[in-house]
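Novice: Structure below; questions to follow.
The values are calculated or read from the model by the stated rules, or taken from the named source; none is laboratory data. This is a predicted model, so every value here is computed, not measured. Reconstructed Cβ throughout: ideal geometry from the backbone, glycine too, with neighbour counts over all protein chains shown.
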Amino acid sequence: MEGQELDINSIDYSKYTICIVDDSPLVISSLSDVLVPMNYTVHSSTNGKEALEAIHKNTPDLIILDVEMPVMDGYETITQIKENKKTKNIPVIFLTSVTKPDAIKKIFDLGASDYISKPFIVEEMLARIEKEIKNIMLQTLLKEKMSKLAELLSLDDLTKTSNKIHMTSVIKTNLQKIRDGQKKSFSLMYIDVDDFSAFIRANGINATDATIKKISMILKRSIRDKDILAHWHGDKFMIYFSETSREELDITAKAIRDKISKAPFGSNSHLTCSICMIEITTDENVTTIIEKIQKSMKDSKGRDRSSIVKIMDFDI
């Protein structure tokens, strides 16, 4: 469904798998005889224990579950389904011959999405199944929309790289991984274009966007796919590197500095950049890290342009 708008009024039944759990061969065959010709993939089990084993091997989109079965009944089966992270979100339609209010309440309390009484009417069963399939489609659509929205919110409009908000989130996530012992270190590279204001005065304000875009392209081509580039703000960029050696960082920084200095900008103008690298091995505050980087960059640019500053074994 990637690249296509999901139409919940048009169901491709072949995309969905239904697991029927009932100790009655007649129920299984009667449902299968209706669902299979519609192109649903249908699996069946005759008791809860057997169903759980099958569900963990091949996760269905929907489960039709009988209440009364040998070995393991429907109540215990749905309890185990809902307690498992892998299966807890699978919708379950209960089949029951007991329709007293307290019995129905128990079914919903255990996490059932719907129920149908025995003996069931085929048309009613199909309508309830379709309702659940449409709910699944709506949830899929919502996830896709949320994913696209998150992607848009994480991108810089001008360069189409990550933005400051997303990079800050990346830093926070990896600091948490260090805190939890899931990661040993990560590194950041802060790139600041030298005398950018003077360049704009010489080339005009209209040159700003094109220049920033060109710099971002140079940076993109200088790093690996797994590294993350962000347009921090103005003429400044940040790159995240995961567990990269100091030697590799040094080589990358020098390559970036050389590529930018040799690239033509504006009316045969040239630019240089200053770079600050920091290796983070302990859990620190994001604000403190950024302040440390920016202070080191400011101090360095006060002494020299086109410099590379290294802050290793970061500890405050």
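Novice: Given the conditions (1) at pLDDT 95 or above; (2) part of a loop (DSSP other than H, G, I, E, B), which single one is not true for residue 120?
Specialist: Here residue 120 clears every test but (1).
Novice: Report whether or not residue 291 is under 20 Å from residue 164 (Cβ atoms), charged (D, E, K, R) and loosely packed, with under 14 Cβ neighbours inside 10 Å.
Specialist: Taking the combined requirement at face value, the residue satisfies it.
Novice: Next up: Scan the helices (runs of 4 or more DSSP H) fully inside the stretch 24-116 and keep the ones with 3 or more residues being more than 26 Å from residue 139 (Cα to Cα).
Specialist: 25-35, 48-57, 101-109
Novice: Of all residues being out of contact with any helix residue (DSSP H, G or I) (no Cβ under 7 Å at 6 or more places or on another chain) and buried (at least 18 other Cβ atoms within 10 Å of the Cβ) in the stretch 164-174, which is nearest to residue 298 (Cα to Cα)? Just the residue, please.
Specialist: So the residue we want is 167.
Novice: On to the next question. Pick out the one residue from 274, 261, 307 that is in contact (Cβ under 8 Å) with a residue 12 or more places away in the chain, within 18 Å of residue 235 (Cβ to Cβ) and in contact with an Asp or Glu (Cβ under 8 Å, 6 or more places away or on another chain).
Specialist: Numbers: 261 fails: in contact with an Asp or Glu (Cβ under 8 Å, 6 or more places away or on another chain); 307 fails: in contact with an Asp or Glu (Cβ under 8 Å, 6 or more places away or on another chain).
Being in contact (Cβ under 8 Å) with a residue 12 or more places away in the chain, within 18 Å of residue 235 (Cβ to Cβ) and in contact with an Asp or Glu (Cβ under 8 Å, 6 or more places away or on another chain) holds for just one of 274, 261, 307, which is 274.
Novice: Pick from the stretch 2-17 the residues that are in a loop (DSSP other than H, G, I, E, B) and surrounded by 13 or more Cβ atoms within 10 Å (Cβ to Cβ): which of them is modelled with the highest pLDDT?
Specialist: Only one residue fits best here, namely 16.
Novice: Report, by residue number, each residue of the stretch 138-162 that is assigned to a helix (DSSP H, G or I), farther than 30 Å from residue 91 by Cα and touching a residue at least 24 places away in the same chain (Cβ under 8 Å).
Specialist: Hits for the stretch 138-162: nothing passes.
Novice: Follow-up. Residues being touching a residue at least 24 places away in the same chain (Cβ under 8 Å), closer than 25 Å to residue 134 by Cβ and loosely packed, with under 12 Cβ neighbours inside 10 Å: count how many of those fall in the stretch 50-108.
Specialist: Count: 2.
Novice: Would you check if residue 45 is at pLDDT below 95 and of a type in the set (S, T, N, Q)?
Specialist: Spelling it out, it is not the case that residue 45 is at pLDDT below 95 and of a type in the set (S, T, N, Q).
Novice: For the stretch 18-37, name all the residues that are over 25 Å from residue 80 (Cα atoms), surrounded by fewer than 19 Cβ atoms within 10 Å (Cβ to Cβ) and either touching a residue at least 40 places away in the same chain (Cβ under 8 Å) or not assigned by TED's automatic domain parsing to the domain that holds residue 73 (or both).
Specialist: 30, 34
Novice: Does the stretch 266-277 contain any residue that is in the same structural domain as residue 194 (by TED's automatic domain parsing), over 37 Å from the mean Cα position of the chain (by Cα) and assigned to a strand (DSSP E or B)?
Specialist: Scanning the stretch 266-277 turns up at least one residue that is in the same structural domain as residue 194 (by TED's automatic domain parsing), over 37 Å from the mean Cα position of the chain (by Cα) and assigned to a strand (DSSP E or B).
Novice: From (1) surrounded by fewer than 21 Cβ atoms within 10 Å (Cβ to Cβ); (2) in contact with a Phe, Trp or Tyr (Cβ under 9 Å, 6 or more places away or on another chain), pick out the condition that doesn't hold for residue 250.
Specialist: Only one criterion in (1) surrounded by fewer than 21 Cβ atoms within 10 Å (Cβ to Cβ); (2) in contact with a Phe, Trp or Tyr (Cβ under 9 Å, 6 or more places away or on another chain) is unmet by residue 250, namely (2).
Novice: Let me ask something else about it. Of everything in the stretch 226-265 that's assigned to a strand (DSSP E or B) and of a type outside the set (A, V, I, L, M, F, W, C), which residue is farthest from residue 167 (Cα to Cα)? Full working, then the answer.
Specialist: Step one: of the stretch 226-265, the residues assigned to a strand (DSSP E or B) are 228-233, 236-242, 264-265.
Checking the rest, the ones that are also of a type outside the set (A, V, I, L, M, F, W, C) come to 231, 233, 236, 240, 242, 264.
Numbers: 231: 9, 233: 12, 236: 13, 240: 8, 242: 13, 264: 28 Å.
Only one residue tops the list, namely 264.
Novice: Output the residue which, of all residues in the stretch 163-215 that are in contact with a Lys or Arg (Cβ under 9 Å, 6 or more places away or on another chain) and assigned to a loop (DSSP other than H, G, I, E, B), is nearest to residue 310 (Cα to Cα).
Specialist: 194
Novice: Continuing with this model, one more query. Out of 100, 86, 49, 106, report the one residue that is within 27 Å of the chain's Cα centre (by Cα) and among the basic types (Lys, Arg).
Specialist: Just a single option satisfies the conditions, and that option is 86.
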